[in-house]
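Contents: one structure, followed by commentary.
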Amino acid sequence: MRAAIEKLVQDQCPPNKVREWDRDGVYPEEVYKAMVDAGFVAMVVPSAYGGMGSPMADCAILYEEVARPSVDFATRIALQGWGSMILADFASEELRQDILPKVVRGEMKLSFSLTEPGSGSDAASLSTAARRDGGDWLLKGQKLFSSGADAPDNHMIVAARTSSHKDRHEGISLFLVPNDLPGITINRLDIIGRRVLGLTEVFFDDVRIPQRYLIGEEGRGWSYIGRHLERERITLAANYIGCARSVLDEAVGYAKERRQFGRAIGQFQVIAHSLADMATELEAGRWMTAVAAWRYDQGLPCRKEASMAKLFVSEMLQRVTAAGMQILGGHAYTTDYAIQRHWRDARNATVGGGTSQIQRQLIARDLGL
């Protein structure tokens, strides 16, 4: 499976094209279609709705390989996985049967919009609100840093407050919102990394949402969000493993070819040991991710292990990309080499999907602190 995924990714994402997509801030829909046709998206959708429902251990391999040219390719697939699991667990059967087979076929995409300008790590303090209007809902507010919300044929899973409570976690509901409804404005943010898929800000100006697009029960949205956080963290760790592998491969290749003082720089101990450290940290991250995925598949508690994997791998990616940039020296600062793009993309890893500080807090809580 790994070899088959690797071959398709290499064929569809040649370095010159990835450089162009990153420069222009464009996600190539033809590449996504090829991945859909190959069954990559089916792997992350439950089998009851036309997918394969692959184990998390297999999905981790998928994400790692698809992230090799850019983490954004893996993120697009991950969004389908997260969205599909929420819909499969909590949406009405009518909505599941309508949406999920289309996701498998690539006719529809899913994204998730939770973060707002005033609510990041404290996500439950969101202010986007929905109110009843006849048999529909009217959605008003703003979301920020929404990955892939502007994709064609995309439906956003949007968290909105539908009632007020003393506990800010109460009264939050989830809605499935087509991104082409009247009253929606989506702006692509000008960001330094993750430019292929991109991040967006989304404005909702009394957007009319049919009742059937309410996911699950009104006011239960926060519990629905928490249901798949372990899966999200394992997925992110697997994505970052793929990015780190590409950095290591480029740094090793450069160290073998670049000659200074009469020999390849990889023959100097300081460079060789740096590469050895990079490879060791990468392997440690892979095993942490694999253990968390195995526990998830076995139905064992994995909250701590998932947070540890996300924390370690995202921090490891910062160190590996910085070391790789140093090894390539001045060449790393040009777009002739992919390493600068991985370095830019990696900077988001310790922030998105739960900051490193939040992961440490979760791990400490699991230790009884």
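The values are calculated or read from the model by the stated rules, or taken from the named source; none is laboratory data. Remember, predicted model here, so these are calculated numbers, not experimental data. Cβ: placed from backbone, ideal geometry, glycine included. Neighbour counts: every protein chain shown.
Remarks
- Screening LEU229 on (1) under 30 Å from HIS165 (Cα atoms); (2) surrounded by fewer than 14 Cβ atoms within 10 Å (Cβ to Cβ) shows it passes everything except condition (2).
- Filtered residue count, segment 1-50, keeping only those that are closer than 19 Å to ILE339 by Cβ and either in contact with a Phe, Trp or Tyr (Cβ under 9 Å, 6 or more places away or on another chain) or of a type in the set (Val, Ile, Thr) (or both): 4
- Here ALA284, ALA332, ALA264 are screened, and the one residue that is under 30 Å from HIS228 (Cβ atoms) and at pLDDT 95 or above is ALA284.
- Residues that are of a type outside the set (A, V, I, L, M, F, W, C) and more than 24 Å from the chain's Cα centre (by Cα) within segment 117-160 comprise ARG131, ARG132, ASP133, GLY134, GLY135, ASP136, LYS140, listed in sequence order.
- Pick from segment 15-58, criterion in contact with a Gly (Cβ under 8 Å, 6 or more places away or on another chain) and either farther than 28 Å from LEU189 by Cβ or free of Cβ contacts under 8 Å to residues at least 24 places away in the same chain (or both), ranking: surrounded by the fewest Cβ atoms within 10 Å (Cβ to Cβ): SER47
- Total residues in segment 47-105 satisfying the condition of being assigned to a helix (DSSP H, G or I) and either over 14 Å from the mean Cα position of the chain (by Cα) or not aliphatic (A, V, I, L, M) (or both): the figure is 39.
- Some residue of segment 177-193 being touching a helix residue (DSSP H, G or I) at 6+ places or on another chain (Cβ under 9 Å), farther than 28 Å from ASP98 by Cα and of a type in the set (D, E, K, R): no
- Unmet criterion (only one of (1) over 25 Å from ALA74 (Cα atoms); (2) touching an Asp or Glu at 6+ places or on another chain (Cβ under 8 Å); (3) not polar (S, T, N, Q)) for ARG227: (1)
- Criterion: crowded, with 16+ Cβ neighbours inside 10 Å and more than 19 Å from the chain's Cα centre (by Cα) - qualifying residue of GLY193, GLY216, GLY198, GLY183: GLY216
- Qualifying position, being acidic (Asp, Glu) and touching a residue at least 24 places away in the same chain (Cβ under 8 Å), among GLU257, GLU281: GLU281
- Output for segment 177-200, where each listed residue is of a type in the set (A, V, I, L, M, F, W, C) and touching a residue at least 12 places away in the same chain (Cβ under 8 Å): VAL177, LEU181, ILE184, ILE186, LEU189, ILE192, VAL196, LEU197, LEU199
- Residue satisfying all of: in segment 1-14; surrounded by fewer than 13 Cβ atoms within 10 Å (Cβ to Cβ) and outside any loop (DSSP other than H, G, I, E, B); nearest to the chain's Cα centre (by Cα) among these: ARG2
- With respect to the stated conditions, TYR296 fails to be in contact (Cβ under 8 Å) with a residue 60 or more places away in the chain and either over 25 Å from the mean Cα position of the chain (by Cα) or on the phi > 0 side of the Ramachandran plot (or both).
- Those strands (runs of 3 or more DSSP E) of segment 108-202 in which 1 or more residues are more than 21 Å from GLY221 (Cα to Cα) occupy 184-188.
- Some residue of segment 263-272 being of a type in the set (D, E, K, R), more than 19 Å from the chain's Cα centre (by Cα) and crowded, with 19+ Cβ neighbours inside 10 Å: no
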